There are 2 protein chains.
Amino acid sequence: MYRTHNCGELRMEHIGQEVTLSGWVQRSRDKGFMMWTDLRDRYGITQLLFNEEKSSKELFETARSLGREDVVKITGVVIERVSKNDKIPTGSIEIEVTALEVLNKSKVPPFTIEDDSDGGDELRMKYRYLDIRRNPVKEKLMFRSNLAIETRKYLASQNFVEVETPVLIKSTPEGARDFVVPSRMNQGQFYALPQSPQTFKQILMVAGMDRYFQIVKCFRDEDLRADRQPEFTQIDCEMAFVTQEEILNTFEGLTKYLFKTTIGVELPDFPRMQYDEAMRRFGSDKPDLRFGMEFCELNDIAQNKGFSVFDNSELVVGICVEGIAEQYSNKDIKKLTEWMQRPQIGAKGLVYVKCNADGTFKSSVGKFFDDAALAEWAQKMGAKAGDMLFVLSGETDKTRKQLNELRLEMGRRLGLMKEGDFKPLWVVDFPLLEWDEELERFHAMHHPFTSPKKEEVERMLNGDHETMKRLKADAYDLVINGSEIGGGSIRIHDRELQSKNFKLLGFTPEEAEAQFGFLLGAFEYGAPPHGGIAFGFDRLCAVMNGSSSIRDFIAFPKNNQGRDMMIDAPSVIHQEQLDELGIGVIEMDVEA
Amino acid sequence: MYRTHNCGELRMEHIGQEVTLSGWVQRSRDKGFMMWTDLRDRYGITQLLFNEEKSSKELFETARSLGREDVVKITGVVIERVSKNDKIPTGSIEIEVTALEVLNKSKVPPFTIEDDSDGGDELRMKYRYLDIRRNPVKEKLMFRSNLAIETRKYLASQNFVEVETPVLIKSTPEGARDFVVPSRMNQGQFYALPQSPQTFKQILMVAGMDRYFQIVKCFRDEDLRADRQPEFTQIDCEMAFVTQEEILNTFEGLTKYLFKTTIGVELPDFPRMQYDEAMRRFGSDKPDLRFGMEFCELNDIAQNKGFSVFDNSELVVGICVEGIAEQYSNKDIKKLTEWMQRPQIGAKGLVYVKCNADGTFKSSVGKFFDDAALAEWAQKMGAKAGDMLFVLSGETDKTRKQLNELRLEMGRRLGLMKEGDFKPLWVVDFPLLEWDEELERFHAMHHPFTSPKKEEVERMLNGDHETMKRLKADAYDLVINGSEIGGGSIRIHDRELQSKNFKLLGFTPEEAEAQFGFLLGAFEYGAPPHGGIAFGFDRLCAVMNGSSSIRDFIAFPKNNQGRDMMIDAPSVIHQEQLDELGIGVIEMDVEA
């Protein structure tokens, strides 16, 4: 037996007991004839005492030879510490060691196993097994495990059945790219890894499963932005015979339950906001409601005053940033303007108005607008002395997006995104379709299975092109602190309507049949009304912990090149494997 | 709102209430002015009453037009049934319908949605969404969901943390074939899908996670025998600082808990049997202990009596089958002998001895053995009058395997594999290595990470070839009713020993480094002693339900050609997809 207790559980009540512990050597303090060593495992740290006078010479010498991260097993007696440490739960006791066995030696680790490590990202990913020994990483993985358990507990209590859907499915090259898997038994054919179990969960509704969920890996072969992973995890859910209202209530219930049980936060009822309103007030379909700084449209008072930039713009819109007028120098404003003009944001310029303490105004457009005019802006935007207004103008959608970036940046600078403050929001009534001006085609705003609102069905089946652009869907996102945590919709359950939607999205009937024939077929055998939602599980973990990176919550993440640095994957495979699969690697142009 | 209640919950106490239900039309009985329709959902069946006299003509006509599997929503009043049906929980009430809405029509399904369907396997797999509506299929999936929940509940209570390991990993072409996934961002390189998370769970032990589990999909590109699937699910577990004894106790605890909570069966303590003993007594490393019919070796009394077949055999071994002597005609024996001679089993012949009621014997080897000699056999095998002995001879391992098949067949024929009877068994002390005479190389009996027993380590590091053949491992299988439910081992946690094992298994140092360098490296940074187990989750579901097929417990299984009949996968993919991945399909020889 390697241990009678773990390194986190011994207390005053154990004093006098002989115990056996195993774990890793965290650090030692050698005082000559006495030596203290911290022994660590997942559960905590226990202090070991080696006393030269009371133990054998060999034992003391072995103790003295221990290095960081060596694995040892000790036996000893629990004694009370002379100087207690109230920062750790075992801080009142220590173990006077009577036997010591080195189970495995460790080389000196390439970075320190401390809460704040000195290891860089790449090094920590390569030695992920050392990184996970660090408390902050370990605790994130344990949080994730606990969050999954609570999710299952809640959904099971609500009659949801967890059903495993297949990982080897069919390629449906819509939206993001599929990972594909060559079939050895069906040569020349490929499976695909699911981007989501969407069609399967709908099939389960047709199958009468009524309430389905799954915590499930999904896969997207996308170019990886900072915080994307080729494999990620969803809480995937679907319900039959439900309205949007019932879905929102069910998953608001889940979210509240998770916050309460895992981080002790009681969330209030979630407000709801229409997509159009979110875009108008925040320029984003996932507004961070931890702070205000709402958009204020100025067309009526700022246009036709002789400033042609505004006059020629579809939208003039601004935000009021409280109390920064005196802090922001011309240089600061210049830098902020340049920040807004970077290609990632693409603003042409940035108009500012300082509301001075004496009631006057200082503005980059003072030439065109006198104090009376600017006072009108300030009043409309609710600005007081000391506040500063930023105004953008241009094409509506673009301008809103740009101002959203500025609003978020100012929120960050002013510390308005407070950790521990959670502001959930349902964004509802998304458009069904998105018109792509460049490709001259519709994309599905959500996905091709999303239903238009009931009152739109007739217009969708019979309307003209312009009507299609304005169709609203029973689609909704759950947003917390500016992150999209979940998204879903009521689905189409009617073959004719689904075929119409495929057609609008540019599928020929043959393509629709080849890719989704099974679903269209299923709709003819008694498909119930149904809808659902999927939560980004990695993202939920991150948001609940106030972390901006999902990677921290994944045990073995991949880097931005999609590589696992620890196992060094992907890798070349044997020619025999390729031969068996009937595929070959195409030689790349050396220039490529 | 589609419903106030589901179709399984209304009782006498609801009488007089107005309710709304939604579901599928199971069947209707039309009595002219009255019509009864069974409405079905996941939760049960509720009888609807349409009364021509009390309802509008349209409603009654619509009701009369309903076909099987149409989806409807009804509103009505709960009334007491005149003739109650005590076979269903809702059998005391019915709904007098006042409003009826057809939500979706259904075509006539290709097979009946009844407990005993008339659909063949292929048809039911193609229309899996209809098959799942059937109670036996639906209940199996719900059982699986519940079993997963209870598994997680138990393991969490034992301090196990569920950690998701990656699905896109590295190909390590050992044993079964890997499915591979071409990488677009790293062209010419491939991920592989995990055959198990083996190395990752060991890495998690090195990482200090202490107790890991995961209910996880695994993948093997094997030629599919009747009851294999290319993707299957494991309960995968690993523990640090443990002995084999602690692992067996932990997972015996899990198994008992699962049987108790999901099917109400209290299992006794699990007996343990050494591998060698299991082979000797049952000719199998997964003996079905629901019945005896143990092997009895006869070398000492059956050899050197002039029967050269026996004399030239390494082993003479038989079983005693109770009470069948009089039933088995010469023709029956001939057919049984032919059954044993099929290539799948490959016995050369089958010796029988009938123990007649009058104390005489009738045997196929009566020429060589007189009644006194056969009486000696009968005595050794514990046979009584009316019993029949079957004896095989030949090379030890082959003969045992053949006799195992015969034992199981006789058990089946005599109904000794009783449903609801569960006989768990730990088989322990497996050999570490298996010598392949043909390829003249060792295979790992379990897998390359299995540790020899502690007392064998020295011999393994320094022993000769013959020593290697006899090494025993700390490896164990959990067997229930002749099915291997789980298997595991204590793992090697020492770099030198692991390298030695790779060498024995035919890896060059370079190959070992390329494939498992990360693990060998991890062993140098303080790897703790560890071990674990993996349960076949699909198999566990099947065995607990007395089912012989895992396919019944998989929502969307693949057929023997690895195809999903419903979605028709795998399939050809677009040339652009191949181009993006930098791979090509090799044209097959038309003869192939």
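The values are calculated or read from the model by the stated rules, or taken from the named source; none is laboratory data. Note that this is a predicted model, so its numbers are computed, not measured. All Cβ positions, even for glycine, are placed from backbone atoms using ideal geometry, and neighbour counts span all protein chains on display. Accessible surface is based on the protein model in full, side chains and every heavy atom, while ligands, DNA and RNA are left aside. Shrake-Rupley method; radii C 1.70, N 1.55, O 1.52, S 1.80 Å.
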For residues that are modelled with pLDDT under 95 and among the charged types (D, E, K, R), tally how many sit in the stretch A:135-187.
-> 5
Pairs where the first residue, in the stretch B:463-477, is free of Cβ contacts under 8 Å to residues at least 40 places away in the same chain and the second is open to solvent by 30 Å² or more (accessible area, probe 1.4 Å) and not in a helix (DSSP H, G or I), C-beta under 6 Å, 6+ apart | B:Lys469/B:Trp435
Just give me the residues in the stretch A:192-214 being part of a strand (DSSP E or B) and either without any contact (Cβ under 8 Å) to a residue 40 or more places away in the chain or within 23 Å of B:His5 (Cα to Cα) (or both), in sequence order.
-> A:Ala192, A:Arg211, A:Tyr212, A:Phe213
For A:Glu101, the lone unmet condition from (1) surrounded by 15 or more Cβ atoms within 10 Å (Cβ to Cβ); (2) within 14 Å of another protein chain (Cβ to nearest Cβ); (3) out of contact with any Pro (no Cβ under 8 Å at 6 or more places or on another chain) is (1)
If we keep only residues of the stretch B:390-409 that are in a helix (DSSP H, G or I) and among the acidic types (Asp, Glu), then the residue nearest to B:Gly346 (Cα to Cα) is B:Glu405
Residues of the stretch B:549-588 being open to solvent by 20 Å² or more (accessible area, probe 1.4 Å), of a type in the set (A, V, I, L, M), at the interface with another protein chain (Cβ under 7 Å from one of its Cβ atoms) and part of a loop (DSSP other than H, G, I, E, B), in sequence order, are B:Val572, B:Ile573, B:Ile586, B:Met588
Selection within the stretch A:218-242 - free of Cβ contacts under 8 Å to residues at least 40 places away in the same chain and either of a type in the set (Gly, Ala, Ser) or at the interface with chain B (Cβ under 8 Å from one of its Cβ atoms) (or both) = A:Asp223
Find all pairs meeting these conditions: Cβ atoms under 6 angstrom apart; at least six residues apart or on different chains; first residue within the stretch B:478-498 and within 12 Å of chain A (Cβ to nearest Cβ) and in a strand (DSSP E or B); second residue open to solvent by 10 Å² or more (accessible area, probe 1.4 Å) and charged (D, E, K, R).
-> B:Ile490/B:Asp474
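Residues checked against (1) open to solvent by 60 Å² or more (accessible area, probe 1.4 Å); (2) closer than 16 Å to B:Leu505 by Cβ:
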site: B:Glu409; (1), (2): no, no
site: B:Leu414; (1), (2): yes, no
site: B:Met417; (1), (2): no, no
site: B:Asp421; (1), (2): no, no
site: B:Trp426; (1), (2): no, no
site: B:Glu434; (1), (2): yes, yes
site: B:Glu440; (1), (2): yes, yes
site: B:Pro448; (1), (2): no, yes
site: B:Val457; (1), (2): no, no
Filtered residues of the stretch A:495-518 (kept if open to solvent by 50 Å² or more (accessible area, probe 1.4 Å) and in contact with an Asp or Glu (Cβ under 8 Å, 6 or more places away or on another chain)) = A:Arg495
Among the candidates A:Asp276, A:Asp288, residue that is surrounded by 20 or more Cβ atoms within 10 Å (Cβ to Cβ), of a type in the set (D, E, K, R) and touching a residue at least 60 places away in the same chain (Cβ under 8 Å) | A:Asp288
Select from the stretch A:1-37 the residues that are assigned to a loop (DSSP other than H, G, I, E, B), among the aliphatic types (A, V, I, L, M) and under 21 Å from A:Asp86 (Cα atoms) and list them in ascending order.
-> A:Leu10, A:Ile15
All but one of (1) touching a helix residue (DSSP H, G or I) at 6+ places or on another chain (Cβ under 7 Å); (2) buried (at least 19 other Cβ atoms within 10 Å of the Cβ) hold for A:Leu48; which doesn't?
-> (1)
Top-ranked residue of the stretch B:410-442 - restricted to ones that are hydrophobic (A, V, I, L, M, F, W, C) and not in a strand (DSSP E or B), ranked as nearest to B:Leu267 (Cα to Cα) = B:Phe422
Looking for whichever is away from chain B (no Cβ under 12 Å), out of contact with any strand residue (DSSP E or B) (no Cβ under 8 Å at 6 or more places or on another chain) and either open to solvent by 10 Å² or more (accessible area, probe 1.4 Å) or within 29 Å of B:Ala192 (Cβ to Cβ) (or both) here; the options are A:Gly521, A:Gly536, A:Gly546. Which one fits?
-> A:Gly546
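When only residues in the stretch A:51-84 that are acidic (Asp, Glu) and open to solvent by less than 50 Å² (accessible area, probe 1.4 Å) count, which is nearest to the other protein chains (Cβ to nearest Cβ)?
Kept after step one, since they are acidic (Asp, Glu), are these residues of the stretch A:51-84: A:52-53, A:58, A:61, A:69-70, A:80.
Pick out the ones that are also open to solvent by less than 50 Å² (accessible area, probe 1.4 Å) and you get A:69-70.
Numbers: A:Glu69: 4, A:Asp70: 6 Å.
Going through the qualifying residues, I end up with A:Glu69.
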Which residue pairs have Cβ atoms closer than 9 Å, lie 6 or more positions apart in sequence or on different chains, and pair a first residue in the stretch B:11-35 that is small (Gly, Ala, Ser) with a second residue that is open to solvent by 80 Å² or more (accessible area, probe 1.4 Å) and not in a strand (DSSP E or B)?
-> B:Ser28/B:Arg64; B:Ser28/B:Arg68; B:Gly32/B:Glu52
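Can you pull out the residues in the stretch B:85-103 that are in contact with an Asp or Glu (Cβ under 7 Å, 6 or more places away or on another chain) and over 20 Å from B:Lys73 (Cα atoms)?
B:Ser92
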Report yes if B:Gly531 is buried (at least 19 other Cβ atoms within 10 Å of the Cβ), in contact with a strand residue (DSSP E or B) (Cβ under 9 Å, 6 or more places away or on another chain) and not in a helix (DSSP H, G or I), otherwise no.
-> yes
Looking at A:Phe282, A:Phe251, which is the one that is in contact with a helix residue (DSSP H, G or I) (Cβ under 9 Å, 6 or more places away or on another chain), of a type outside the set (Ser, Thr, Tyr) and at pLDDT 95 or above?
-> A:Phe282
Which fully enclosed strands (runs of 3 or more DSSP E) of the stretch A:258-364 have 1 or more residues being closer than 24 Å to A:Arg413 by Cβ?
-> A:315-321, A:351-355, A:361-363
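What do you reckon, is A:Ala375 at pLDDT 95 or above, aliphatic (A, V, I, L, M) and assigned to a helix (DSSP H, G or I)?
Here the answer is yes, as A:Ala375 does meet what is asked.
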Please tell me if A:Gln379 is within 24 Å of A:Arg281 (Cβ to Cβ), surrounded by fewer than 16 Cβ atoms within 10 Å (Cβ to Cβ) and more than 37 Å from the chain's Cα centre (by Cα).
-> yes
In the stretch B:135-192, what residues are under 27 Å from B:Thr255 (Cα atoms), within 7 Å of chain A (Cβ to nearest Cβ) and surrounded by fewer than 17 Cβ atoms within 10 Å (Cβ to Cβ)?
-> B:Met142
Report whether or not B:Gly44 is under 21 Å from B:Ser83 (Cα atoms), among the small types (Gly, Ala, Ser) and within 14 Å of chain A (Cβ to nearest Cβ).
-> yes
